[in-house]
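Trainee: Can you keep this structure in mind? I'll have questions shortly.
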Amino acid sequence: MAEHNNNELLEDQESVQILYEKFVILNKDLLNFGVSIEDLKEICFKRRKIDFTARNTEKNERLSGLMIAVTLVVAVLVSILLKIIFDSIMKNTLGTRCLLPNNYFVWEATRPETDCNMCKDIKSVLVFENITREEFRNYAYSPRPMLVKGAALHWPAMQTFTYHFLKEIYQNVEGAYESVEEECQILTFKTEFKSLQDVFSMPESRVLQEEGEKPWYVGWSNCHPEVLAIMREHYSIPHFLPEDAEHANMDYIFIGYQQGAVMHIDYISRLMWQAQLRGHKTWKLIPPPDCDHICSGISFRVEPGDIVLVDTRQWYHDTHVDPGEMSLTVSSEYG
């Protein structure tokens, strides 16, 4: 009986892998063909609100015909099926860890409907200085993008956290690299890196972004207990968050140059804070497509020591690092 169940599981996994590979190839082909994120955004949005207007005809012409639009819709349906199958296998075999890549079709095919009150009338980030826990209480669980100036300036991490400091931790803690591969998550964005070991093996000239070197930007989660304990000796939960706020058992590091994260939403379970430890970064936020007619996008720049709070489950966001600077941030969830 057990052998039969194992065979069925292997067959399910093989089916998922085949669907996944076809799905990724389709997505890449569409992007290479010239379909933009905005095009994908509009097609995916139409699964929620179908609008057969003249604008659709014009859009289909710009996407080189009806077949591309149909292909996009089919891709969305495949992504939904893929999500269902993958969730089932993850639940039964690998726990709750998400192995799907950040992909626009997956985001849009699985994103719930949005209450546009989360972004209505928001024209700018809400900025605080020297705010106390009591003063912040009414804002703590708001979807309103917020920026707390200088809130991390007293953290030792402002001085101690560097590329080489992080590299030393992962080289010296047994199983640290493996934890990222097997239990945590690494985001390599537009780089060629395949693992955190690749990131920490680059030549010093590239680490320092000397002339002629290719830019890089990566992020990863820290779920190894020893690594997390070492890192948390250098920073703390933001002092203004409620005492009863539930915090994640993993934190995230994002480090690199130039282009930060591309436009996306996050599939996380709680709200997010991110502390800027080094460099300057500009955030661009846009509302979900459901709310384009009600809400508008905003952007803001953060400095070393600032802490950003954004509901990245609802706000689409990307980041850009100031030219010539390395950005280093630590981030976590709360709720």
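The values are calculated or read from the model by the stated rules, or taken from the named source; none is laboratory data. Please read these numbers as outputs of a predicted model, since none were measured by experiment. Here the Cβ positions follow ideal geometry from the backbone for every residue, glycine too, while neighbour counts run over all protein chains shown. Please note that ligands, DNA and RNA were not included when accessible areas were found on the heavy atoms of the full protein model with its side chains. Shrake-Rupley method; radii C 1.70, N 1.55, O 1.52, S 1.80 Å.
Trainee: Glu325 fails exactly one of the following numbered conditions: (1) assigned to a loop (DSSP other than H, G, I, E, B); (2) closer than 20 Å to Asn117 by Cα; (3) touching a strand residue (DSSP E or B) at 6+ places or on another chain (Cβ under 8 Å). What is the number of that condition?
Mentor: With (1) assigned to a loop (DSSP other than H, G, I, E, B); (2) closer than 20 Å to Asn117 by Cα; (3) touching a strand residue (DSSP E or B) at 6+ places or on another chain (Cβ under 8 Å) applied to Glu325, the lone miss is (2).
Trainee: Any residue in segment 289-298 that is of a type in the set (S, T, N, Q) and modelled with pLDDT of 95 or more?
Mentor: No, the conditions are met nowhere in segment 289-298.
Trainee: Looking at (1) modelled with pLDDT of 95 or more; (2) open to solvent by 40 Å² or more (accessible area, probe 1.4 Å); (3) of a type outside the set (Phe, Trp, Tyr); (4) in a loop (DSSP other than H, G, I, E, B), which is the only condition Ala151 fails?
Mentor: (2)
Trainee: Within segment 235-251, take every residue that is in contact with a strand residue (DSSP E or B) (Cβ under 9 Å, 6 or more places away or on another chain) and not hydrophobic (A, V, I, L, M, F, W, C) and give me the one that is nearest to Leu187 (Cα to Cα).
Mentor: For segment 235-251, the residue satisfying everything is Asp251.
Trainee: Right, here's the next one. Can you tell me how many residues within segment 255-279 are assigned to a loop (DSSP other than H, G, I, E, B), open to solvent by 60 Å² or more (accessible area, probe 1.4 Å) and at pLDDT 95 or above?
Mentor: Total meeting the criteria: 0.
Trainee: Of all residues in segment 154-164, how many are surrounded by 14 or more Cβ atoms within 10 Å (Cβ to Cβ) and part of a loop (DSSP other than H, G, I, E, B)?
Mentor: Number satisfying all stated conditions: 3.
Trainee: Tally up the residues in segment 284-297 that are under 13 Å from Pro145 (Cβ atoms) and open to solvent by 10 Å² or more (accessible area, probe 1.4 Å), please.
Mentor: Going through segment 284-297 one residue at a time, the tally reaches 5.
Trainee: In segment 174-214, what residues are modelled with pLDDT under 95, of a type in the set (A, V, I, L, M, F, W, C) and open to solvent by 60 Å² or more (accessible area, probe 1.4 Å)?
Mentor: Once the filter is applied, which keeps residues that are modelled with pLDDT under 95, of a type in the set (A, V, I, L, M, F, W, C) and open to solvent by 60 Å² or more (accessible area, probe 1.4 Å), segment 174-214 yields only Phe189.
Trainee: Pairs needed: first member in segment 270-295, under 23 Å from His239 (Cα atoms); second member anywhere, of a type in the set (Val, Ile, Thr) and surrounded by fewer than 19 Cβ atoms within 10 Å (Cβ to Cβ); C-beta distance under 8 Å; at least 6 residues apart or different chains.
Mentor: Close Cβ pairs satisfying both conditions: Arg278/Thr162.
Trainee: Now for a different question. Which of the following residues is touching a Ser or Thr at 6+ places or on another chain (Cβ under 8 Å) and more than 19 Å from Asp306 (Cα to Cα): Tyr170, Tyr163, Tyr217?
Mentor: Tyr217
Trainee: Do we have Tyr252 as aromatic (Phe, Trp, Tyr), farther than 18 Å from Val310 by Cβ, buried (at least 16 other Cβ atoms within 10 Å of the Cβ) and out of contact with any Asp or Glu (no Cβ under 7 Å at 6 or more places or on another chain) here?
Mentor: On the way: aromatic (Phe, Trp, Tyr): yes; farther than 18 Å from Val310 by Cβ: no; buried (at least 16 other Cβ atoms within 10 Å of the Cβ): yes; out of contact with any Asp or Glu (no Cβ under 7 Å at 6 or more places or on another chain): yes.
No; evaluated as a whole, the condition is false for this residue.
Trainee: Here is a follow-up. Can you find a residue in segment 225-242 that is in a loop (DSSP other than H, G, I, E, B) and without any contact (Cβ under 8 Å) to a residue 60 or more places away in the chain?
Mentor: Checked against the condition, which is being in a loop (DSSP other than H, G, I, E, B) and without any contact (Cβ under 8 Å) to a residue 60 or more places away in the chain, segment 225-242 yields no hits at all.
Trainee: Within segment 299-315, count every residue that is open to solvent by 10 Å² or more (accessible area, probe 1.4 Å) and more than 20 Å from Met158 (Cα to Cα).
Mentor: Residues flagged as open to solvent by 10 Å² or more (accessible area, probe 1.4 Å) and more than 20 Å from Met158 (Cα to Cα) within segment 299-315 amount to 4.
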